[in-house]
Every structure is written in structure tokens, then in C-alpha cells.
Amino acid sequence: MSNLNTVNAAYRNPSNINVRLEWSGVNTANKCNRSHKFWACQSNGDGTVSVTYGRIGSEGRTIRKPVSYFFAKVQEKLGKGYVDTMNPYGARR
């Protein structure tokens, strides 16, 4: 999976996490059967991350979590088909 470069870079330097994942696909829970979502995570430098998530085009909702939350949640999002829009082809920055 090409998006794992983002996760690997975060493991090497967790104080420099800056990721934005997006997903567009079928969702039978809404009327038009389509969803367009984002999940962004940025390190605060104090062992926590700010996570912003919501529909693409909205400001989203921001929460603060420990860095360990990032490592669990990013794997879950990539497994669901989210794509790293800051590093879409897995190329090293």
C-alpha cells in the first residue's frame, strides 16, 4: 500500500505528523448514496495531535488526542480506502 510511507515517516518523527486523507465512495446511509469525507491530523509538538474530520468542503470538527491515537486511526482509515492527498502516490517528500 503506497500510503504507508506517510505512516512510516510519522513513526520516525512523531513530532512532525501532518497528514490529510480523503475518501469518496458509495454510502447507502445518505440519500444520494455518495460520501466525500476527509480526515486530517497534525502534531501539536507536545505529545498530542489535532484531528480534524468531516465532509469535504466543510470546516470539519477538530479534536485533540494523544499521538498514539494517530497510529491506530490512520491504519483504520487507510484500510477503509482513504487516500493520502498530501502524498497520493507514496513518493517520499
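The values are calculated or read from the model by the stated rules, or taken from the named source; none is laboratory data. Keep in mind that this is a model prediction, so the values were computed, not measured. Cβ placement follows ideal geometry from the backbone for every residue including glycine, while neighbour counts extend to all protein chains displayed. Surface accessibility is based on the protein's heavy atoms, side chains included, excluding ligands, DNA and RNA. Shrake-Rupley method; radii C 1.70, N 1.55, O 1.52, S 1.80 Å.
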Handout entry: Breaking point among (1) open to solvent by 60 Å² or more (accessible area, probe 1.4 Å); (2) in a loop (DSSP other than H, G, I, E, B); (3) at pLDDT below 90, for SER24
Key = (2)
Problem - Selection status of VAL19, under 13 Å from the mean Cα position of the chain (by Cα), at pLDDT 90 or above and of a type in the set (A, V, I, L, M) - result: no
Problem - The one condition in (1) open to solvent by 50 Å² or more (accessible area, probe 1.4 Å); (2) in a strand (DSSP E or B) that GLN75 fails to fulfil - result: (2)
Fill in the blank from the handout: Contact list, first residue from the stretch 51-80 and closer than 11 Å to LEU21 by Cα and in contact (Cβ under 8 Å) with a residue 40 or more places away in the chain, second anywhere and open to solvent by less than 40 Å² (accessible area, probe 1.4 Å) and in a loop (DSSP other than H, G, I, E, B), beta-carbon distance below 7 Å, six or more apart or interchain, is LEU78/ASN3
Handout entry: Residues satisfying the stated conditions in the stretch 78-93, i.e. assigned to a helix (DSSP H, G or I) and either surrounded by 11 or more Cβ atoms within 10 Å (Cβ to Cβ) or at pLDDT 90 or above (or both)
Key = LEU78
Fill in the blank from the handout: Filter the stretch 44-58 for residues that are at pLDDT below 95 and on the phi < 0 side of the Ramachandran plot; the one that is most open to solvent (accessible area, probe 1.4 Å) is ARG55
Handout entry: Condition check for ARG64: open to solvent by 30 Å² or more (accessible area, probe 1.4 Å), at pLDDT 90 or above, of a type in the set (Lys, Arg) and within 17 Å of SER15 (Cα to Cα)
Key = yes
